1. Pairs please, first residue from the range 227-246 and under 13 Å from residue 260 (Cβ atoms), second anywhere and modelled with pLDDT under 95 and surrounded by 12 or more Cβ atoms within 10 Å (Cβ to Cβ), Cβ atoms under 7 Å, 6+ apart in sequence or on different chains.
2. Return only the number of the condition from (1) buried (at least 19 other Cβ atoms within 10 Å of the Cβ); (2) closer than 26 Å to residue 299 by Cα that residue 210 does not satisfy.
3. Taking into account only those residues within the range 150-171 that are in a loop (DSSP other than H, G, I, E, B) and touching a helix residue (DSSP H, G or I) at 6+ places or on another chain (Cβ under 8 Å), which is surrounded by the most Cβ atoms within 10 Å (Cβ to Cβ)?
4. Of the conditions (1) surrounded by fewer than 18 Cβ atoms within 10 Å (Cβ to Cβ); (2) closer than 24 Å to residue 203 by Cα, residue 116 clears all except one; give me its number.
5. Within the range 231-257, how many residues turn out to be surrounded by 15 or more Cβ atoms within 10 Å (Cβ to Cβ) and within 21 Å of residue 267 (Cα to Cα)?
6. As an exercise: evaluate residue 258 against (1) within 28 Å of residue 213 (Cβ to Cβ); (2) touching a residue at least 24 places away in the same chain (Cβ under 8 Å); (3) more than 39 Å from the chain's Cα centre (by Cα) and give the number of the one condition it does not meet.
7. Read through the list (1) closer than 21 Å to residue 223 by Cα; (2) in a helix (DSSP H, G or I), then give the number of the only condition that residue 272 fails.
8. Residue 133 fails exactly one of the following numbered conditions: (1) part of a helix (DSSP H, G or I); (2) under 21 Å from the mean Cα position of the chain (by Cα). What is the number of that condition?
């Protein structure tokens, strides 16, 4: 039994050796095949050259274009090129090339800090935006100028240019009026800081226009309450309007709509409250007659007053 086992073991070892030899031969044949198919390095280089592009004689590779870094380096804003670029920025500004000027002033300003030119550069930077119609950016940088250089000869003018820019960002009356309120605040601050300024008249004109815008928005709300039959809300809105805009040129129109509102409210009221509301209507008519007798609404208000007085008299007679 042991002899049989030894014989089988030897046979297996012989078979393993034969198989390994066969595998080595196969791998060697495949390797030779792969080597034969490899393109020589010189052939690869030759094939990668575009045949349509002629290779210059005496040169193995096409020539490279010369770099133009010298010209670009001269335009870069550095301490060495500061004066040169400052003159370029002034030239852009004087030629009304506002965006080009603003771009250069923006790069110049950090390098100018601590020098006599710093406030001039920041002022011209802000004004470039203003002249180009970018009033939000102009207001921001003019305000920054006032904060950084409170004792500069340009401070008052920069503050005024700032409120001009803010004023120009105010929207139409039917839009959100946050900018309008901010502009009014800034103009009042300027007037308090420079009460003797030559721009006081312009400031007052801007304030009048901004207040008129706010008044128009509130008046439209008042009219909306009337047109949607919200009579009590219209009365409250009218009272607030009179307190806020007593000198507004829109006051006659506001009183007129209050008269219309009170008249309709009285007509639609119950008998128990009609007399009281007719009296309220007549009071608003009297207000129009006393304060705005020349208003274009006066004729219609007088007709309403006559009809309201007749109804009130009839109502009292019936009682």
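1. none
2. (2)
3. Of the residues in the range 150-171, the ones in a loop (DSSP other than H, G, I, E, B) are 150-154, 169-171.
Within this subset, residues satisfying the condition of being touching a helix residue (DSSP H, G or I) at 6+ places or on another chain (Cβ under 8 Å) are 152, 154, 169-171.
Details: 152: 17, 154: 17, 169: 14, 170: 22, 171: 12.
Only one residue fits best here, namely 170.
4. It is condition (2) that residue 116 fails.
5. Total satisfying the criteria: 10.
6. (3)
7. Failing condition for residue 272: (1).
8. (1)
The values are calculated or read from the model by the stated rules, or taken from the named source; none is laboratory data. Note that the structure is a prediction, hence the values are computed from the model and not measured. Don't worry about glycine lacking a Cβ; one is built from the backbone with ideal geometry, like all the others, and counts go over all protein chains shown.
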